[in-house]
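K.L.:
Let me give you the structure first, and then I'll get to my questions.
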Amino acid sequence: AVAPETLERQGIFDIKNLSAISPSFNIQSSNSETQGTSIRIRGVGTTGNNTGLESSVGVFIDGVYQSRPGVALGDLVDLERLEILRGPQGTLFGRNTSAGALNVTTKRPSLTQVEGFANASYGNYDFMNVQAGVSVPVVTDVAGIRVSGTWRKADGYLTSPTGSESNNRDRYMLRGQFYIEPSSDVSIRLLADYARTDEQCC
């Protein structure tokens, strides 16, 4: 289990860099990030990049199974924790987890106080990264909403003879949540997110 503070210190913006803190984790994109992505844990994973093959490493975002690993390649923002589960996880997660699982959990809305965060960074190749979010209780101790988002861009560092750039970054993501806890035995959490990527990358 990795806390979001650790990810920030290591400069890990998405799961492609997780091998820096977990050497047994490996991810490769052979065709495109959305279709040819393959995750391996301890060297075990689905062979090939056929989009019809289901991954041996299951990806779960807030408990929901993602049928294609490429869905998880967006920026990691407003997380509660990230878990890399090594070995078969069929008992807890069901099928498609014979090699392991990647479990991403985002922060829930606060029911007691207003919370917020914002950070920005700038680097070479005109790299810019902005993240922000806010959580507001609608009814104290009963219901709350949370909105967060991120935007990241960077110029490419490879240029072809025709002048086109590659390995650039241009993406953003928005996430909204509504959480209601009418009693200690019942809780309902609704999430919606939207992500867009327009890159010549990798």
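K.L.:
Any residue at all in segment 185-194 that's surrounded by 13 or more Cβ atoms within 10 Å (Cβ to Cβ), within 23 Å of Lys16 (Cα to Cα) and at pLDDT 90 or above?
P.N.:
yes
K.L.:
Output the strands (runs of 3 or more DSSP E) that fall wholly within segment 22-74 and possess 2 or more residues being at pLDDT 80 or above, hydrophobic (A, V, I, L, M, F, W, C) and touching a Gly at 6+ places or on another chain (Cβ under 7 Å), or say none.
P.N.:
Answer list for segment 22-74: 37-41.
K.L.:
Another question about this same structure. (1) in contact with a strand residue (DSSP E or B) (Cβ under 6 Å, 6 or more places away or on another chain); (2) of a type in the set (A, V, I, L, M, F, W, C); (3) under 24 Å from Phe13 (Cα atoms); (4) surrounded by 14 or more Cβ atoms within 10 Å (Cβ to Cβ): which one isn't true of Leu73, the others all being true?
P.N.:
(1)
K.L.:
Name the residue, out of Gly123, Gly156, Gly133, Gly176, that is touching a Gly at 6+ places or on another chain (Cβ under 7 Å) and either at pLDDT below 95 or closer than 23 Å to Val77 by Cβ (or both). I'd like the intermediate steps shown before the answer.
P.N.:
Numbers: Gly123 fails: touching a Gly at 6+ places or on another chain (Cβ under 7 Å); Gly156 fails: touching a Gly at 6+ places or on another chain (Cβ under 7 Å); Gly176 fails: touching a Gly at 6+ places or on another chain (Cβ under 7 Å).
Unique residue meeting the criteria: Gly133.
K.L.:
Something else now. Any idea how many residues of segment 94-115 are open to solvent by less than 60 Å² (accessible area, probe 1.4 Å) and either on the phi < 0 side of the Ramachandran plot or modelled with pLDDT of 90 or more (or both)?
P.N.:
The number of residues fulfilling the criteria is 12.
K.L.:
Follow-up question, since we're still on this one. So is Arg81 assigned to a loop (DSSP other than H, G, I, E, B), open to solvent by 20 Å² or more (accessible area, probe 1.4 Å) and more than 19 Å from Arg171 (Cβ to Cβ) or not? Walk me through it before giving the result.
P.N.:
Working: assigned to a loop (DSSP other than H, G, I, E, B): no; open to solvent by 20 Å² or more (accessible area, probe 1.4 Å): yes; more than 19 Å from Arg171 (Cβ to Cβ): yes.
No, not satisfied.
K.L.:
Something else: Out of the residues in segment 55-69 that are of a type in the set (S, T, N, Q) and touching a helix residue (DSSP H, G or I) at 6+ places or on another chain (Cβ under 8 Å), state the one that is nearest to Glu80 (Cα to Cα).
P.N.:
Within segment 55-69, the match that is nearest to Glu80 (Cα to Cα) is Gln66.
The values are calculated or read from the model by the stated rules, or taken from the named source; none is laboratory data. If you're wondering where the values come from, they're calculated on a predicted model, not measured in any experiment. As a convention, Cβ positions derive from the backbone with ideal geometry for all residues, glycine included, and neighbour counts pool all protein chains shown. For the accessible areas, the whole protein counts, side chains as well, though only heavy atoms, and no ligand, DNA or RNA atoms are used. Shrake-Rupley method; radii C 1.70, N 1.55, O 1.52, S 1.80 Å.
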